[in-house]
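Beneath this line is the structure, given in structure tokens, with notes to follow.
The values are calculated or read from the model by the stated rules, or taken from the named source; none is laboratory data. Values in this document were obtained by computation on a predicted structure and should not be read as measured data. Cβ sites come from the backbone with ideal geometry, for glycine too, and all protein chains shown count toward neighbours. Note: accessible area is taken over every heavy atom of the protein model, side chains too, but ligands, DNA and RNA are not part of it. Shrake-Rupley method; radii C 1.70, N 1.55, O 1.52, S 1.80 Å.
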Amino acid sequence: MAQLKSVAFKEGEVPQAREPLSVQEPLPEGSGRSFPPVSVPACQTLIDVRNGEASFAHVFQHFNWKGNIMGGGSTLASYEDGQAEQRFAELKRALDTCRRYEGEGYVGPFEATVTTQASPEYGEEAVTFREIVPMGPEYGGDRNEQFVVVRTGNTIATFSELSIGKDLFFPPEVITRQVERLRNAQRP
């Protein structure tokens, strides 16, 4: 965890983000709120990989953007040799079949639609997809979250950008800088 924290962004390094910019470790097992698995197993795999589940270590970083009150986040997950490639292959297979699922979240039950987008040129492998949850006009539109998931060596980094009623994107230059830090940290 210490090595992942050391490559995460520090105060003042992301001008688009409001301060403070902190790195968070996962809650201890059993201490957070848990939810039942979603209705489609492939979609649960997608969620687990993007959240860093089954990783050796992972950390989270939240970004409160100056131009989007919903914000974004990143998860940096480290795996034992070969496991990042395996988990990324599982993610790609899940994206082939996961189109819609039902689940339960902090505000109750929801239905989500998953759509894939053109893959970016980051790291050794990368995928981009959106999860859209209908919210109704009283909430200003649908919950729309973009995910960019990048594998670099033994790490998988997930970047998410949340918006309501819009298609917003996680800043590509921030992804590029984070992926480069992950790559350099793994070089001998």
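Taken together, F110, F170, F88 contain a single residue that is hydrophobic (A, V, I, L, M, F, W, C), touching a Gly at 6+ places or on another chain (Cβ under 7 Å) and farther than 16 Å from G72 by Cβ, which is F110. Going residue by residue through segment 65-84, is there one that turns out to be at pLDDT below 95, more than 13 Å from A42 (Cα to Cα) and touching a Gly at 6+ places or on another chain (Cβ under 8 Å)? Among the residues of segment 65-84, at least one is at pLDDT below 95, more than 13 Å from A42 (Cα to Cα) and touching a Gly at 6+ places or on another chain (Cβ under 8 Å), which makes the answer yes. Taking the listed residues R187, R130, R177, the one that is modelled with pLDDT of 95 or more, out of contact with any strand residue (DSSP E or B) (no Cβ under 6 Å at 6 or more places or on another chain) and of a type outside the set (A, V, I, L, M, F, W, C) is R177, with no other qualifying. Within segment 1-9, is even one residue among the charged types (D, E, K, R) and modelled with pLDDT under 90? Looking through segment 1-9, none of the residues is among the charged types (D, E, K, R) and modelled with pLDDT under 90.
For I175, indicate whether it is part of a strand (DSSP E or B), surrounded by 18 or more Cβ atoms within 10 Å (Cβ to Cβ) and not acidic (D, E). Judged against the criteria, I175 is not a match.
Which residues, counting only those in segment 120-133, are free of Cβ contacts under 8 Å to residues at least 24 places away in the same chain, open to solvent by 20 Å² or more (accessible area, probe 1.4 Å) and touching a Ser or Thr at 6+ places or on another chain (Cβ under 8 Å)? Within segment 120-133, just I132 meets the criteria.
Matching residues to (1) more than 19 Å from L182 (Cα to Cα); (2) touching a residue at least 60 places away in the same chain (Cβ under 8 Å); (3) open to solvent by less than 20 Å² (accessible area, probe 1.4 Å); (4) not acidic (D, E):
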site	(1), (2), (3), (4)
F60	no, no, no, yes
G71	yes, yes, yes, yes
A94	yes, no, yes, yes
R100	yes, yes, no, yes
T116	yes, no, no, yes
G136	yes, no, no, yes
Y139	yes, no, no, yes
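Filtered by the rule that a residue be open to solvent by 90 Å² or more (accessible area, probe 1.4 Å) and either of a type in the set (D, E) or assigned to a helix (DSSP H, G or I) (or both), segment 102-114 gives E102, E111.
When segment 1-53 is filtered for residues that are under 30 Å from C98 (Cα atoms), in a helix (DSSP H, G or I) and open to solvent by 70 Å² or more (accessible area, probe 1.4 Å), only P41 remains.
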